[in-house]
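Read the structure below first, then the notes.
The values are calculated or read from the model by the stated rules, or taken from the named source; none is laboratory data. As the structure is a computational prediction, the values presented were derived from the model and not from experiment. When we count neighbours, we look across all protein chains shown, and the Cβ atoms used for this are built from the backbone with ideal geometry, even at glycine. Accessible surface areas use protein heavy atoms only, side chains included; no ligands, DNA or RNA. Shrake-Rupley method; radii C 1.70, N 1.55, O 1.52, S 1.80 Å.
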Amino acid sequence: MSQEFLNTLTEKLNSIAPGAVESSDYSLDFPSITVKKETIHEVLSILKNDETFNFHFLTDLTGIQTADEKQLGVIYHLHNMPKNIRVRVKTFMPIDKPEIPTATDLWDGANWMERETFDFYGVRFKGHPNLKRILNVDEMDIFPLRKEFPLEDQTREDKSDKMFGR
């Protein structure tokens, strides 16, 4: 994997889906591209089905929230096993409308990963066959990995901030 491959990847994606790639970088020997959420499904489909890329294996899919707490994101890690090439694909959306197309029609393995991302970040994957909580209880009305929710239980009285130097 090289910067040259990343440039080729970015150029080809932008030629097929103009303006799809917002940015790309190559750091720590790992290529990464950020794409518009409107084109994420098309980009993932190209990366999987195009013979040049052949990223046929979805290694991981997870959520992220930006530091300013205004956006949520989804990160896909794809792997071309025959050539042992990996790529990271990121996309972001406003936190007040966290919707993105599902990737379950491309990779069956996306099913539980999307459910986990929904469960912890509240990202709704449009077209998902069974989008419901997977690890937290159904009655939970928050998404626990979002930054707006406190890490500590605010109702506990057995803890004092003095114990934590506050």
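Filter segment 1-41 for residues that are among the charged types (D, E, K, R) and under 19 Å from residue 63 (Cα atoms); which is most open to solvent (accessible area, probe 1.4 Å)?
Residues of segment 1-41 among the charged types (D, E, K, R): 4, 11-12, 22, 25, 29, 36-38.
From the residues that got through so far, the ones that are under 19 Å from residue 63 (Cα atoms) too are 22, 36-38.
Numbers: 22: 112, 36: 84, 37: 44, 38: 139 Å².
Out of the qualifying residues, it is 38.
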Handout entry: Members of segment 48-62 found to be over 14 Å from the mean Cα position of the chain (by Cα), among the hydrophobic types (A, V, I, L, M, F, W, C) and not in a loop (DSSP other than H, G, I, E, B), listed by number
Key = 57
Problem - Pick from segment 119-163, criterion assigned to a loop (DSSP other than H, G, I, E, B) and touching a Gly at 6+ places or on another chain (Cβ under 8 Å), ranking: nearest to residue 73 (Cα to Cα) - result: 123
Practice task
Considering every residue within segment 102-113, establish whether at least one is free of Cβ contacts under 8 Å to residues at least 40 places away in the same chain, out of contact with any Phe, Trp or Tyr (no Cβ under 8 Å at 6 or more places or on another chain) and assigned to a loop (DSSP other than H, G, I, E, B).
Solution key: yes
Fill in the blank from the handout: Checked against (1) at positive phi; (2) modelled with pLDDT under 95, residue 127 satisfies every condition except (2)
Practice task
Residue by residue through segment 1-33, note down the ones that are outside any helix (DSSP H, G or I) and within 24 Å of residue 82 (Cα to Cα).
Solution key: 1, 2, 24, 25, 26, 27, 28, 29, 30, 31, 32, 33
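Looking for whichever is more than 12 Å from the chain's Cα centre (by Cα), at pLDDT 95 or above and over 26 Å from residue 149 (Cβ atoms) here; the options are 27, 45. Which one fits? So that I can check it myself, show each step before the final result.
On the way: 27 fails: at pLDDT 95 or above.
Every option except 45 fails the conditions.
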Exercise for the section: Please verify whether segment 111-128 includes one or more residues that are touching a helix residue (DSSP H, G or I) at 6+ places or on another chain (Cβ under 9 Å), open to solvent by 50 Å² or more (accessible area, probe 1.4 Å) and either among the polar types (S, T, N, Q) or farther than 25 Å from residue 47 by Cβ (or both). Expected result: no
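Within segment 91-101, identify whether any single residue is outside any loop (DSSP other than H, G, I, E, B), of a type in the set (A, V, I, L, M) and touching a Pro at 6+ places or on another chain (Cβ under 9 Å), and answer yes or no. Step through it out loud before you land on a result.
Here is the first cut: in segment 91-101, the residues outside any loop (DSSP other than H, G, I, E, B) are 91-94, 99-101.
Still in the running and of a type in the set (A, V, I, L, M): 93, 100.
Okay, now just the ones that are also touching a Pro at 6+ places or on another chain (Cβ under 9 Å), so none.
No, the conditions are met nowhere in segment 91-101.
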Handout entry: Top-ranked residue in segment 89-99 [being closer than 17 Å to residue 146 by Cα and either surrounded by 19 or more Cβ atoms within 10 Å (Cβ to Cβ) or not charged (D, E, K, R) (or both); ranked as nearest to the chain's Cα centre (by Cα)]
Key = 91
Fill in the blank from the handout: Of (1) touching a residue at least 24 places away in the same chain (Cβ under 8 Å); (2) among the acidic types (Asp, Glu); (3) more than 15 Å from residue 37 (Cα to Cα), residue 99 satisfies every one except (3)
